[in-house]
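The values are calculated or read from the model by the stated rules, or taken from the named source; none is laboratory data. Since this is a predicted model, take the numbers as computed values, not measurements. Every residue, glycine as well, gets a Cβ built from its backbone with ideal geometry; the counts of neighbours run over all protein chains shown.
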């Protein structure tokens, strides 16, 4: 279960991402500035990859599991999907088309969203593509973007309802999106800030791209915030 939203501004964009994981999973390493590539991303120790990253120019990549796929082979050993973003970051200018250079049959189904470094209100196209285990499908974006391993339709409906309740469709604000991503209420597993007996929202990321790059990362387990700021190249 994960949730992604974003907001376009005159000078760039903001995005929010809730990462939901099993409680048995090892805690992620908070984001840091990787000096050689000047990229910023957290690390999942179990897969040695990441689910969200920013390149030196302000391009952001976000990956969600695509549980709706029906053709994943449970007997097959897959490479961690966390390696996909790292592979794309090796290019100076990451693109969705870079996926064509990867053997996607090594990965379980996923959805990848790319926020270009020149994205803004005047250049508003966010790219999204789904690997369903067989082929790549370019997909439209309908906020909020949600993934869930259980009760997907109910989860999506509940989170969509909360989104509609909190977000001004004509003039959405960063404050509204933040309230949405931190919302708990009594929905438990259906909340955006989710909690189940076996899983929960483990982190909430907030990326701001304008003249500078800001990555605010909240560890929901340790109740601790990390903030990285850097100038854009």
ask   = When only residues in the stretch 166-187 that are out of contact with any helix residue (DSSP H, G or I) (no Cβ under 9 Å at 6 or more places or on another chain) and exposed (fewer than 14 other Cβ atoms within 10 Å of the Cβ) count, which is nearest to residue 199 (Cα to Cα)?
value = 184
note = Of the residues in the stretch 48-76, those that are closer than 25 Å to residue 156 by Cβ and either modelled with pLDDT under 90 or not in a strand (DSSP E or B) (or both) number 10
note = Of the candidates 150, 130, 213, 145, the one satisfying the condition of being under 19 Å from residue 62 (Cβ atoms) and surrounded by fewer than 19 Cβ atoms within 10 Å (Cβ to Cβ) is 130
message = Can you say whether residue 156 is more than 25 Å from residue 59 (Cα to Cα) and surrounded by 12 or more Cβ atoms within 10 Å (Cβ to Cβ), as far as the supplied structure shows?
response = yes
request  = Go through the residues of the stretch 5-19 one by one and say whether even a single one is out of contact with any helix residue (DSSP H, G or I) (no Cβ under 6 Å at 6 or more places or on another chain), assigned to a loop (DSSP other than H, G, I, E, B) and free of Cβ contacts under 8 Å to residues at least 40 places away in the same chain.
outcome  = no
task = Check the stretch 182-190 and report whether any residue there is assigned to a loop (DSSP other than H, G, I, E, B), closer than 21 Å to residue 12 by Cα and modelled with pLDDT under 95.
result = no
ask   = For the stretch 202-229, how many residues are touching a strand residue (DSSP E or B) at 6+ places or on another chain (Cβ under 6 Å) and either modelled with pLDDT under 95 or not in a strand (DSSP E or B) (or both)?
value = 2
query = Which of the residues that make up the stretch 9-29 are buried (at least 18 other Cβ atoms within 10 Å of the Cβ) and within 17 Å of the chain's Cα centre (by Cα)?
reply = 13, 14, 15, 16, 17, 18, 19, 20, 21, 28
key: the stretch 37-49, subset out of contact with any helix residue (DSSP H, G or I) (no Cβ under 9 Å at 6 or more places or on another chain) and within 15 Å of residue 232 (Cα to Cα), residue surrounded by the most Cβ atoms within 10 Å (Cβ to Cβ)   = 40
